[in-house]
């Protein structure tokens, strides 16, 4: 089983995350930020990852530190769960419609972290959630997982739908990338390492 459990504590947050890449999509998420919990639950469900997230953060300031630190910890946990990456597909791409919105996610578990993120125009907030934090989460996640990540919302008018489409598409794309390819026994790179 490809699993990892990680704790990260700073003066701003305390984060504990457990992930199982070969799960059933079960999630138990408590960040103290309702909308973000919903997005991480969707990510796990569509990726078929079992995910436990607990964060105690300085929400009296705002949600920035909690969202970013969850991204850091989740990315690191997924990197640990992948081990040497032997036999994985490596790449994943997914388009996902959410009512009037359409999102695209393409990624490479390359060991070369990068983020290209175009979310289009979003309302400043969805409920009490600051939508600027989506890009902060994606950057922290990609850089700590060692993933090249491209995210684009092609169109849509409802900010909740656009963000939800991104998290669902990220789950599907990552699910495909981490799956084992029965034809590949080694590292999926002509260089021999990722």
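The values are calculated or read from the model by the stated rules, or taken from the named source; none is laboratory data. No experiment lies behind these values; they were computed from the predicted model shown. Note that we place each Cβ from the backbone using ideal geometry, even for glycine, and neighbour counts take in every protein chain shown.
Below are the figures for this structure:
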{"item": "Only listed residue being at pLDDT below 95 and either surrounded by fewer than 20 Cβ atoms within 10 Å (Cβ to Cβ) or within 16 Å of the chain's Cα centre (by Cα) (or both), chosen from 39, 1", "result": "1"}
{"item": "The range 169-194 residues that are without any contact (Cβ under 8 Å) to a residue 60 or more places away in the chain, paired with ones that are surrounded by fewer than 14 Cβ atoms within 10 Å (Cβ to Cβ) (beta carbon under 9 Å, 6 or more apart)", "result": "192/186"}
{"item": "Single condition residue 105 does not satisfy, out of (1) surrounded by fewer than 19 Cβ atoms within 10 Å (Cβ to Cβ); (2) within 24 Å of residue 24 (Cα to Cα); (3) touching a helix residue (DSSP H, G or I) at 6+ places or on another chain (Cβ under 6 Å)", "result": "(1)"}
{"item": "Criterion (over 11 Å from the mean Cα position of the chain (by Cα) and at pLDDT below 95) met by exactly one of 84, 50, 58", "result": "84"}
{"item": "Flag if residue 57 is touching a helix residue (DSSP H, G or I) at 6+ places or on another chain (Cβ under 9 Å) and farther than 27 Å from residue 180 by Cα", "result": "yes"}
{"item": "Subset tally (residues that are in a loop (DSSP other than H, G, I, E, B), under 20 Å from the mean Cα position of the chain (by Cα) and surrounded by 11 or more Cβ atoms within 10 Å (Cβ to Cβ)) for the range 111-128", "result": "5"}
{"item": "One residue from 89, 11 being touching a helix residue (DSSP H, G or I) at 6+ places or on another chain (Cβ under 6 Å), over 24 Å from residue 154 (Cα atoms) and surrounded by fewer than 23 Cβ atoms within 10 Å (Cβ to Cβ)", "result": "89"}
